[in-house]
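*Asks:* This is the structure I have questions about; it appears just below.
The values are calculated or read from the model by the stated rules, or taken from the named source; none is laboratory data. Just so we're clear, the structure is a prediction, and the values are computed from it rather than from any experiment. Every residue, glycine as well, gets a Cβ built from its backbone with ideal geometry; the counts of neighbours run over all protein chains shown. Just the protein is used for accessible areas: all its heavy atoms, side chains included, with ligands, DNA and RNA removed. Shrake-Rupley method; radii C 1.70, N 1.55, O 1.52, S 1.80 Å.
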Amino acid sequence: MLQRKQKIKYLGVLLDETMSFNHHISYVCTRIARNNGIISKLRHLTLLQMKQIYYSLIYPYISYAILAWGSAFKTHIDKIQTKQNHSARLIFFATTYGEHTESALPLLNLLGVLTVHNVYRFHILKFTYFWHKGLLPKLFSNYFQYASNVHNYNTRYATKQNLYIKKVRTNTGKQKIGYAACIIWDKIPQTLRKLMYTNSQNN
């Protein structure tokens, strides 16, 4: 007999019945907070060493399966951002500022790491680029369309090899990868876009 549960763990991601990812985000925050405790005890290490520790103890929890849960509401994502901010403050011994006073963005920039939101954007771009290169499973072969394949005339937008953006009416729809990826991809400078297309044709 099947039992209804409020959450299940699937491939390392906690799924809840409303797909809000609240439980998974709470799990990520707990793991980062625990590892922040380890970072707080480290002394006499170089910035490079601390950056390596960050990528060993903090980043894996932020990046793992972020394409699945990264579209959660901003209020939820901000909880992880707060923990990441605290990581940066611990690395630079700047904890006297507290978690909610001054922005930790300068410290993250100095450390050379992406914010949680930008990690999500990076993984979306990587997913889209893999689609363009034909490196994704066949399941995703029709996940995107080029605007030039949809319009029967050559518009300036289509000839730039932008992706076709489907119309959505809700904020939830705009948060989905299929929409967000098209918006982010189309903002890539044409010089970089041409370089990616040239490399893919040579491979």
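*Asks:* Within the group K174, K160, K126, K133, which residue is among the charged types (D, E, K, R), under 20 Å from G70 (Cβ atoms) and either at pLDDT below 85 or touching a Ser or Thr at 6+ places or on another chain (Cβ under 7 Å) (or both)?
*Replies:* K174
*Asks:* Listed residues H117, H123; which is open to solvent by less than 40 Å² (accessible area, probe 1.4 Å) and within 21 Å of C182 (Cα to Cα)?
*Replies:* Result: H123 is the single residue among H117, H123 that is open to solvent by less than 40 Å² (accessible area, probe 1.4 Å) and within 21 Å of C182 (Cα to Cα).
*Asks:* Within the stretch 18-55, how many residues are free of Cβ contacts under 8 Å to residues at least 12 places away in the same chain and either over 20 Å from the mean Cα position of the chain (by Cα) or open to solvent by less than 40 Å² (accessible area, probe 1.4 Å) (or both)?
*Replies:* Of the residues in the stretch 18-55, 11 are free of Cβ contacts under 8 Å to residues at least 12 places away in the same chain and either over 20 Å from the mean Cα position of the chain (by Cα) or open to solvent by less than 40 Å² (accessible area, probe 1.4 Å) (or both).
*Asks:* For the stretch 41-74, what are the residues that are small (G, A, S) and in a helix (DSSP H, G or I)?
*Replies:* Of everything in the stretch 41-74, those that are small (G, A, S) and in a helix (DSSP H, G or I) turn out to be S56, S63, A68.
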